[in-house]
Amino acid sequence: MFKNLHIKDYDFKLIFVIIAINTLGILAINSANPSNVPKQIVGSIFGLFLMVLVSLFDYSLFLKFYWLWYFVDFALLLLVEFAGKNAGGAQRWFEIAGIRFQPSETAKILLIIFFAQFIMKYREKVNTFRFLISFMLLAAVPLFLIFSQPDMSTTIVITVTICSILLVAGLSWKIIIGAFAVFIPSLIIFLSIVLKEGQDLINSYQRKRILSFIYPEKYVDDAYQQTNSVIAIGSGQVWGKGYNTNVISSLKNGNFIIAPDTDFIFSVIGEELGFMGCIFVIFLLFFIVFECFLIARRARDIAGRVIACAMGTLIGIQTFFNIGVTTFILPNTGLPLPFVSYGLTSLVSLYIGMGFVINIRFRSGAGSERKEGIQL
């Protein structure tokens, strides 16, 4: 199992940074909602164990069962449709032994693993019509199930991640330009339809989130969450009000920040640790993303490059969306901040995904195959 491997290729610094950002997240959760800290600690330990375990076995062994991962993903998403719990107007979870499980989070990782091997197997046919149709149909099934929960934000994140997979696979720039030529007008038409009264493409609360972003002064109640988030972050100034502050002016302590331990945990960090704390969080997450891309460049095969690039894209785009929402530069969505927000399914899934990335780095020097696709 460890033939031709060298300990110098094991990415200890990446593990250290992941543990650091996760620890910072636990501290922020303790300030926002202390009752969730024990679960998050258990999830962190379990996720760390799985990450190390996955990193030790050759990732090609996992890829051999790629169709199994796809059907497991499909089964879990289908289970939500029939046995999921409804909360806040969305049916995205079901419970296992009293713990909420969100299959859309595991779908992110399972689809990356599936498409990595799918690309590996059909890499010579990436730019053929038959391959692209097959690829899009395979992606459309889980994306439709996630979108119907409804979970538009996760659908967008997974779509962007899947697009990055095609880019790494060597998709022709002619096809990419053609896709953008179709996508941009389609997006404009879609937005013009969903902003009208009586449309049924998206739910009313999703429509209000978009409208409250465009016209916050007209939709004050719907913009309330993001408005208070911006105030909280700004009030922290450079160094913040102090960790777990008890000052009377704290928006967190006054319960003005909704979901402070999940979607809006960055608001708590901004208020208590200030601009410097925010920059530190962004730096740690940027390091993880950048390291993923560096590992992709050293990967021994195209499947490794796909996994590492897709994980970097996933963490990067999810970070951008979460912070974009809390700073009111994007419409409100329900995406967690990677390794920071409370949420066991998201946390453990990300740990597993990073286990594959570390695995790829560990085995980058143990033989190689002819590399195809774009050079990073």
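May I ask for the percentage of alpha-carbon pairs in region 86-140 that lie more than 19 Å from each other?
Pairs farther apart than 19 Å: 47 percent.
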So, in Å, what gap is there between the alpha-carbon centers of region 93-137 and region 181-205? 26
Whole-percent pair-distance distribution, where bins are 5 Å wide, for the alpha carbons of region 304-362: 4, 19, 24, 22, 16, 10, 4, 1
Span from the region 269-320 Cα centroid across to the region 9-83 one, whole angstrom: 15
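Find the relative contact order for the chain and round it to a whole percent, using C-alpha pairs within less than 8 Å whose residues are 6+ positions apart.
Relative contact order for the chain comes out at 30 percent.
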How many nm separate the modelled label positions at residue 144 and residue 75, each set 7 Å beyond the Cα in the direction of the Cβ? 2.1
Heavy atoms only, probe 1.4 Å: what % of the accessible area of region 131-226 goes to carbon and sulfur, would you let me know? 73
Kirkwood-based Rg/Rh on the Cα set of the chain evaluates to 0.97
Stretched out fully, how many nm does the piece from residue 214 to residue 297 gain, at 0.36 nm a residue minus the Cα gap? 25.9 nm
Segment residue 9-residue 122, length gained on full extension (0.36 nm per residue, minus Cα span): 37.8 nm
Cβ-derived FRET efficiency at R0 30 Å, residue 282 paired with residue 41, nearest 0.05: 0.80
Residue-normalised 222 nm signal for the chain, counting each DSSP H run of n ≥ 4 as -39,500 (n - 2.57), nearest 500 deg cm²/dmol, is -22500 deg cm²/dmol
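The values are calculated or read from the model by the stated rules, or taken from the named source; none is laboratory data. This is a predicted model, so every value here is computed, not measured. All Cβ positions, glycine included, derive from the backbone under ideal geometry; neighbour counts span all protein chains shown. Keep in mind that these areas ignore ligands, DNA and RNA; they rest on the heavy atoms of the full protein, side chains included. Shrake-Rupley method; radii C 1.70, N 1.55, O 1.52, S 1.80 Å.
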